[in-house]
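Reviewing the structure listed below.
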Amino acid sequence: MNVVLVDSGGANIGSVRYALERLGVQAAMSADGDVIRAADRVILPGVGAAGPAMARLNELQLVDTLRSLTQPLLGICLGMQLLFEDSEEGGVACLGLLAGRVRRMPESPGVRVPHMGWNRLQPTRPSSLLAGIADGAQAYFVHSFAAPVTDDCLARCGHGEDFAAVVQRGNVAGAQFHPERSAATGARLLENFLTTGLA
């Protein structure tokens, strides 16, 4: 299988690549639109801020490439947030593949932002992407901004208020948590993405 990691400059690209290697997949890392379009599966990793990440995708002329993909696309962490229409972080327009605005998570007594550490997934509807992942399975998060719970949400998570932890619409999906740091839960999500796509 031809799997391509979009070289979007995120610091988690290497660890995602290693997680795929543990599943027996050698993923190419590329910022070449032709290489990305030719892939069987595309993964958009990302950490950091939405503004610089979108600026890099625009600089690399990858925005239209990512918007036009017909094969399964998985955004990870910031990569998932970039799938939405826009982000409150810098007021930047994103890829617009999913409806909704990414907003800063609210702080309250006992609720710290960034949301950092293990938290439980609460599935909201069945999906091949979550096959074998139990209700309440734990995943590892590091983020200050989050996407809303909409009809595209496959699993939600709570930190002060609920947010989308896993999303999917058609061939486009995302995980707010870090699969590469989420032990068996993360490995299963990646394996599902690789083997079943987004059926």
message: Of 18, 4, 36, which is farthest towards the positive pole of the stretch 1-56's charge dipole, taken about the Cα centre with +1 and -1 on the beta-carbons of Lys, Arg and Asp, Glu respectively?
response: 18
field: Cβ-placed point charges (K, R +1; D, E -1), dipole of the stretch 42-199 about Cα centre in debye, nearest 20
entry: 220
query: Where is the GNM fluctuation largest for the chain (alpha-carbon springs, 10 angstrom cutoff): 58, 12, 119?
result: 58
- request: Hand me the trypsin sites (Lys or Arg not before Pro) from the stretch 99-199 located in a DSSP loop with no more than 16 other Cβ atoms within 10 Å, in residue order please.
  value: 112
- prompt: Hey, in the GNM for the chain with a 10 angstrom Cα cutoff, which one of 60, 95, 82 fluctuates hardest?
  reply: 60
- prompt: Over the Cα atoms of the stretch 49-137, what Rg and Dmax result, in angstrom?
  reply: 15.4, 44
message: What are the ³J(HN,Hα) couplings of the stretch 36-49, residue after residue, when phi is run through the Karplus curve with 6.51, -1.76, 1.60 and θ = phi - 60°? Round to Hz, x for glycine and proline.
response: 5, 5, 8, 6, 7, 9, 10, 10, 10, x, x, 9, x, 10
statement: If every Lys and Arg gets +1 and every Asp and Glu gets -1 at its Cβ, then about the Cα centre the stretch 120-191 yields a dipole, in debye to the nearest 20, of 100
- line: At 4 °C and 1.567 mPa s, the Stokes-Einstein diffusion coefficient in µm²/s for the chain, with hydrodynamic radius from the Kirkwood sum on alpha carbon pairs, is 79
statement: Placing each pseudo-label 7 Å from Cα in the direction of the beta carbon, residue 128 and residue 15 end up separated by a distance in nanometres of 2.9
task: Tabulate in residue order the Karplus-calculated ³J(HN,Hα) for the stretch 187-193, using 6.51 cos²θ - 1.76 cosθ + 1.60 with θ = phi - 60°, rounded to whole Hz; enter x for Gly and Pro.
output: 4, 5, 4, 5, 4, 4, 4
Residues listed by number, the stretch 28-44, amide nitrogen under 20 Å from residue 68 label point at 7 Å toward C-beta: 30-44
- request: Find the accessible area per residue for the stretch 96-154; the probe is 1.4 Å, ligands and nucleic acids are left out, and the unit is Å².
  value: 51
- prompt: If you stretched the chain out fully between residue 103 and residue 151, how much longer would it get, using 0.36 nm times the residue separation minus the C-alpha to C-alpha distance?
  reply: 15.6 nm
query: Under a GNM of the chain (C-alpha, springs under 10 Å), which listed residue has the highest mean-square fluctuation: 110, 48, 136?
result: 110
message: Quick query: amide H of residue 46 versus all other amide H atoms, modeled in the peptide plane; which residues come in under 5 Å with a sequence gap of 5 or more or a different chain?
response: 12, 76, 78, 79
- line: Dimensionless Rg/Rh of the stretch 154-199, both radii on Cα and Rh by Kirkwood, sits at 0.99
statement: Under the helix-only model (-39500 (n - 2.57) for each DSSP H run of 4 or more, divided by the residues of the chain), the mean residue ellipticity at 222 nm, to 500 deg cm²/dmol, is -6500 deg cm²/dmol
Gained length - residue 37 relative to residue 183, 0.36 nm times residue gap less alpha-carbon distance: 49.6 nm
- request: Run a plain Debye calculation on the stretch 1-91 (Cα atoms as equal point scatterers, no solvent) and give log10 I(q)/I(0) at q = 0.20, 0.24 Å⁻¹, rounded to two decimals, same order as the q list.
  value: -0.91, -1.29
field: Stokes-Einstein translational diffusion, the stretch 102-199 - Kirkwood Rh over all Cα pairs, 0.890 mPa s, 25 °C, in µm²/s
entry: 182
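The values are calculated or read from the model by the stated rules, or taken from the named source; none is laboratory data. No experiment lies behind these values; they were computed from the predicted model shown. With ideal geometry, Cβ positions are generated from the backbone for all residues, glycine too; neighbour counts draw on all protein chains shown. Please note that ligands, DNA and RNA were not included when accessible areas were found on the heavy atoms of the full protein model with its side chains. Shrake-Rupley method; radii C 1.70, N 1.55, O 1.52, S 1.80 Å.
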